[in-house]
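Shown next, in structure tokens, is the structure this report addresses.
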Amino acid sequence: MKLEHQRFGALFIILISALLCGADCKAQPMMPPSQNDIVPIPSAVKGSPTDVLAELSDIKITREVYDREVAAFKEVSPQAAAQLATIEGRKEFLRQLVEVTMFEKKAKLDGLDKTDEFKRDSHRMAVAALSIEHIKKLLGQVNVDEQTAKKFYEDNKRLFTEPDQYHIFQISTDSKEKADAIVKDLNSGKSFIEVAKASSIDDNKANGGDKGFMHLDDLVPEISTALSSLGADKVSAPISIAENLYVIVKYTEKKDGTVKAFETVSSQIRRDLAGEKQMATFKAEIDRLKKLYNFTFDAKVAEYIRKDSITEAESNAVLAKYDGVEIKVSEIYKDLEQIPAFIRPQVLGGEGLNDFLNQHFARVLSLHDVEKNYDTYAKANPKVVNDTARRTIVKMLFDKVLRPVTVNDDEIKDFYNKNLANFSAPAQMQAHHILVKEEEKAKSLLADLQKDPTKFEEVAKSSSICPSKQQGGDLGKFSDGQMVPEFEKACKEAEVGKVVGPVKTQFGYHLIRVDGRTPAGTRKLEEVQEEIRSQLLPQKQKEVFDTFVQSLSKEFNRKEYPENI
């Protein structure tokens, strides 16, 4: 699709994504030009900075303004360089810049910047943006010069040394007796290559045991130790690697390790050291805020967060305090909802919980600090405040135009009837399961469930090793081919509602309760109406949006001069 036909192009994607993801977004989208906030940059093409590229009533978009916005766009979207490298891409950017400028102008004419909603939302977004800007400035001050990198290199040359390489030959066998016999043959003068081809049982047999050049670090410790004490062409004694596995090795040639030149690793050293310093700087800043605002934390309460379910009292327990403000467990659960349920156990396991909480506390403290010292931060970063105000007002205009757009039930029904083929559904089953590693464990759980089948979900949560344990073993609906064959066969044969098993698969032993079966057919309108609504709504919104843009273009006497780019 050509760029000039993309209504929601790159500029709009940057703008709208920032609006939708909320005040905590790190990306600062391109905004309409402010006539009082122009930072000249070298023009990307020949021409005067005062060349007019577009007009909207009393607003003129000059090359100077255009180039400033191009530079800002590239800063938040590095991939934009390729798009803006072509004349078509630059023309498309101009068109989008004109339209975003129209939105801001229209929003102000409608008085949206005078509303309480604007004041509240722009302040909230400014606090978040100022918090991010403050951290960016702190981290931006971190610098690692060439001299520091050079000293690190000299002090840690072992980190930049390619290890010795050995040209290794290996014979593997399945008993100590065979290994001893092979060593005896080799020591009597038989060819290592020929013996390997005749007697070895590993993948290098056809090559006469030749494994090529390898680093000792890439080998199991027992082989590495044996080789390091051998001379060239000397055969090792049998080395026990595992039960019923013995190897005999030798090397024919050794390449000494080499130290990488500083010039080839200096950039990486500087990046790594800068990253470490930035992490230390960030931690020091958060520690400062913790001390400043008397931050306290209850590690015992934090353990509630690891639980699959918590009581109301646990949900309302105070996890931390700062400057007289309480953070309850329930607040953390709001953050957890942003993480897919199936990976939450990994996120919260071990030190993961502390990492997760530290991120939350850092954000909360940073926002609190900016809020408490808003005037100071705003005075130091007026452009950030101005840009967030402009983003807020454009978002409010979008809401005003697009919020009234709806899809009614008649439209959904009409679409459904005209597209029935799109709503065919294969035969499906729905089931719960419990997965364990040992068969005896599965049999024991089955015996308990036969006494009280109502405890299936409870047992799944406490005993299953499948991530579905978080949902009481619920696997939802699935079709043919979505499960491993043994599991699928058991589901097809099981009586609905009855617990069956153990069923062995590659994952372990399953206890299964089939909850229902749905034959192939057409999905009912009630099942797909929200799916249809979510498909039709963006289409209607785009139509309204396009009409709105056309009306603004006429209202503001829109003119563009892409030939001047």
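The values are calculated or read from the model by the stated rules, or taken from the named source; none is laboratory data. Predicted, not measured: the structure shown is a model, and the values here were computed from it. Quick reminder, even Gly has a Cβ in these numbers, built from the backbone with ideal geometry, and neighbours come from all protein chains shown. For the accessible areas, the whole protein counts, side chains as well, though only heavy atoms, and no ligand, DNA or RNA atoms are used. Shrake-Rupley method; radii C 1.70, N 1.55, O 1.52, S 1.80 Å.
Quick notes on this structure:
- The chain - mean residue ellipticity at 222 nm from DSSP helices (-39,500 (n - 2.57) per run, n ≥ 4, rounded to 500): -16000 deg cm²/dmol
- Tensor-based shape of the range 382-494 (alpha-carbon gyration tensor, a/c under 1.5 rounded, otherwise prolate or oblate): oblate
- Pairs of lysine residues in the range 72-134 that meet both criteria, 8 or more places apart or on different chains and Cα atoms under 24 Å apart, total 8.
- Probing with 1.4 Å while keeping every protein chain in the model, the per residue accessible area of the range 307-387 equals 56 Å².
- Under 29 Å from the Cα of Lys190 - lysines, other chains or at least 8 residues apart: Lys176, Lys178, Lys205, Lys211, Lys234, Lys250, Lys254, Lys255
- Nearest-ten-degree value, helix 352-372 long axis tilted from longest Cα axis of the chain: 20
- If you sort Glu146, Glu243 by accessible surface, 1.4 Å probe, largest first, the order is Glu243, Glu146.
- Pairwise centroid distance, computed over Cα atoms, of the range 241-259 with the range 272-323, Å: 49
- Other residues with beta-carbon under 13 Å from the beta-carbon of Tyr509 carry, at +1 per Lys or Arg and -1 per Asp or Glu, a net charge of 0.
- Portion, in percent, of the accessible area of the range 134-224 that falls on carbon or sulfur, probe 1.4 Å: 49
- With the simple spin-label model, which puts each label point 7 Å out from Cα in the Cβ direction, the Asp58 to Val235 separation comes to 9.8 nm.
- Anisotropy class of the range 41-154 from Cα gyration tensor, a/c 1.5 cut: oblate
- Axis of helix 87-109 versus longest Cα principal axis of the chain: the two differ by about 50°, to the nearest ten degrees.
- Tensor-based shape of the range 258-321 (alpha-carbon gyration tensor, a/c under 1.5 rounded, otherwise prolate or oblate): oblate
- Which of Arg270, Arg120 is most accessible, then next, and so on - probe 1.4 Å: Arg120, Arg270
- The mean sequence distance of close C-alpha pairs (under 8 Å, at least 6 residues apart), as a share of the length of the chain, puts its relative contact order at 16 percent.
- Segments 300-313, 540-553, 91-104 sorted - mean Cβ within 10 Å per residue, highest first: 91-104, 540-553, 300-313
- Computed from Cα positions, the angle between helix 439-451 and the longest principal axis of the chain comes to roughly 60 degrees.
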